[in-house]
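Engineer: Take this structure, written in C-alpha cells, and hold onto it; I'll ask about it next.
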Amino acid sequence: MTQDMTAAGEARALSPYERFGHEAGVRAIVERFYDLMEHEPMYAELRAMHDVDLSPMRSSLTGFLTAWLGGPRTWFEARPSVCIMSMHRTMSISPESAGQWVHAMSRAMAEGEIEPRLGAQLQDAFLRMATAMTNVPRDEN
Ligand code: HEM
C-alpha cells in the first residue's frame with residue numbers, strides 16, 4: 001500500500017516511514033541488521049569497528065531512520081547540529097566495510113519484506129551515502 005485517504009477523502013501518498021510499518025517496522029529492520037552484523041562472519045570487519053555492546057546503536061539507528069524516513073524527528077531534536085556524514089568522518093571507513101554495511105542493510109530489508117520498490121530506492125540511497133563515507137583505500141591483504 002503506497003497511499004492512504006485523508007479525512008476529506010483525497011488520496012495521500014504514504015511516507016516511507018509509514019510504508020515500513022512505523023517505528024515497530026523500522027526497529028525490526030534495525031534489529032535484523034545488527035543481528036546479521038553480530039553473527040555473520042562476512043560482516044566481521046564492520047562488526048569490529050563497533051562497540052561490544054550494540055544496544056545503543058540499535059536504538060540510535062532506529063531513531064535516525066525513523067526521522068530520515070519521514071517519521072517523528074526526536075533523534076534530530078536531541079542532536080540539533082548533528083550531520084550523519086560528518087559523524088562518520090572521524091572513522092576510518094574502507095570500501096569493504098562500507099560494502100558490508102549496505103549488504104547487511106539490504107538483506108535486513110529483504111528479509112523484513114519491505115516493498116521491493118521501496119527497498120531498491122533505499123538500497124540506492126544507502127549505497128550513495130556509504131560510498132560518500134568511504135575515506136580510506138581498499139584493504140590490502
Ligand atoms: C559506510 C558504512 C558505515 C560504517 C562502516 C559505519 C560505522 C559506524 C560506527 C563504527 C558507528 C559507531 C558505533 C559505536 O560507537 O559503537 C556508527 C554509528 C552510527 N551510524 Fe554508521 N556506519 C556506516 C554507514 C552508516 C549509514 C549509511 C547510516 C545511515 C543511514 C549510519 C548511521 C549511523 C548512526 C545513526 C549511528 C549512531 C550514532 C550515535 O548515536 O552516536 N551509518 N556507524
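Engineer: Can you tell me how many residues in segment 69-81 are surrounded by 13 or more Cβ atoms within 10 Å (Cβ to Cβ) and closer than 19 Å to M129 by Cβ?
Structural biologist: So the answer is 6.
Engineer: Which members of segment 71-109 meet the condition of being of a type in the set (G, A, S) and either within 13 Å of the chain's Cα centre (by Cα) or over 18 Å from G21 (Cβ atoms) (or both)?
Structural biologist: Step one: filter segment 71-109 for residues of a type in the set (G, A, S), giving 71, 78, 81, 86, 92, 94, 97-99, 104, 106, 108.
Once the filter is applied, which keeps residues that are of a type in the set (G, A, S) and either within 13 Å of the chain's Cα centre (by Cα) or over 18 Å from G21 (Cβ atoms) (or both), segment 71-109 yields A78, S81, S86, S92, S94, S97, A98, G99, A104, S106, A108.
Engineer: Something else about it: In segment 84-100, which residue that is within 9 Å of the ligand (Cβ to nearest atom) and of a type in the set (V, I, T) is nearest to M37 (Cα to Cα)?
Structural biologist: I93
Engineer: Please state which of the following conditions L36 fails to meet, knowing it meets all the rest: (1) within 11 Å of the ligand (Cβ to nearest atom); (2) within 16 Å of A130 (Cβ to Cβ); (3) not small (G, A, S).
Structural biologist: Going through (1) within 11 Å of the ligand (Cβ to nearest atom); (2) within 16 Å of A130 (Cβ to Cβ); (3) not small (G, A, S) one by one, L36 breaks only (1).
Engineer: Can you find a residue that is among the polar types (S, T, N, Q), surrounded by 12 or more Cβ atoms within 10 Å (Cβ to Cβ), modelled with pLDDT of 95 or more and in contact with a Ser or Thr (Cβ under 8 Å, 6 or more places away or on another chain) anywhere in segment 47-68?
Structural biologist: First pass over segment 47-68, keeping only residues among the polar types (S, T, N, Q): 55, 59-60, 62, 66.
Narrowing the set further to residues that are surrounded by 12 or more Cβ atoms within 10 Å (Cβ to Cβ) leaves 59-60, 62, 66.
Adding the requirement that they be modelled with pLDDT of 95 or more leaves 59-60, 62, 66.
Okay, now just the ones that are also in contact with a Ser or Thr (Cβ under 8 Å, 6 or more places away or on another chain), so 66.
Yes, the conditions are met somewhere in segment 47-68.
Engineer: Determine which single condition C83 fails, assuming it passes every other condition in (1) of a type in the set (A, V, I, L, M, F, W, C); (2) free of Cβ contacts under 8 Å to residues at least 12 places away in the same chain; (3) under 26 Å from P116 (Cβ atoms).
Structural biologist: (3)
Engineer: Kindly indicate the residue of segment 1-33 that is touching a residue at least 12 places away in the same chain (Cβ under 8 Å) and among the aliphatic types (A, V, I, L, M) and also farthest from the ligand (Cβ to nearest atom) among those meeting that condition. Quick ask: steps written out before the conclusion?
Structural biologist: Step one: filter segment 1-33 for residues touching a residue at least 12 places away in the same chain (Cβ under 8 Å), giving 1-2, 4, 14-20, 22-23, 25-33.
Going one step further and asking which of them are among the aliphatic types (A, V, I, L, M), we end up with 1, 14, 26, 28-30.
Details: M1: 24, L14: 20, V26: 11, A28: 16, I29: 11, V30: 9 Å.
Residue satisfying both the conditions and the ranking: M1.
Engineer: Right, another one. Mind checking which pairs have a first residue in segment 47-61 that is in contact (Cβ under 8 Å) with a residue 40 or more places away in the chain and within 18 Å of G99 (Cα to Cα) and a second that is more than 8 Å from the ligand (Cβ to nearest atom) and not charged (D, E, K, R), Cβ under 8 Å, 6 or more apart or different chains?
Structural biologist: Pairs found: none.
Engineer: A further question on this structure: Residue check: is L36 more than 14 Å from the chain's Cα centre (by Cα) and either exposed (fewer than 12 other Cβ atoms within 10 Å of the Cβ) or in contact (Cβ under 8 Å) with a residue 12 or more places away in the chain (or both)? Before the answer, list the steps.
Structural biologist: Details: more than 14 Å from the chain's Cα centre (by Cα): no; either exposed (fewer than 12 other Cβ atoms within 10 Å of the Cβ) or in contact (Cβ under 8 Å) with a residue 12 or more places away in the chain (or both): yes.
Here the answer is no, as L36 does not meet what is asked.
Engineer: Look at R32 and say whether it is in contact with a helix residue (DSSP H, G or I) (Cβ under 7 Å, 6 or more places away or on another chain) and within 21 Å of L118 (Cβ to Cβ).
Structural biologist: Numbers: in contact with a helix residue (DSSP H, G or I) (Cβ under 7 Å, 6 or more places away or on another chain): yes; within 21 Å of L118 (Cβ to Cβ): yes.
For R32, the condition - in contact with a helix residue (DSSP H, G or I) (Cβ under 7 Å, 6 or more places away or on another chain) and within 21 Å of L118 (Cβ to Cβ) - is met.
The values are calculated or read from the model by the stated rules, or taken from the named source; none is laboratory data. Keep in mind that this is a model prediction, so the values were computed, not measured. Note: ideal-geometry Cβ built from the backbone for every residue, glycine included; neighbour counts use all protein chains shown.
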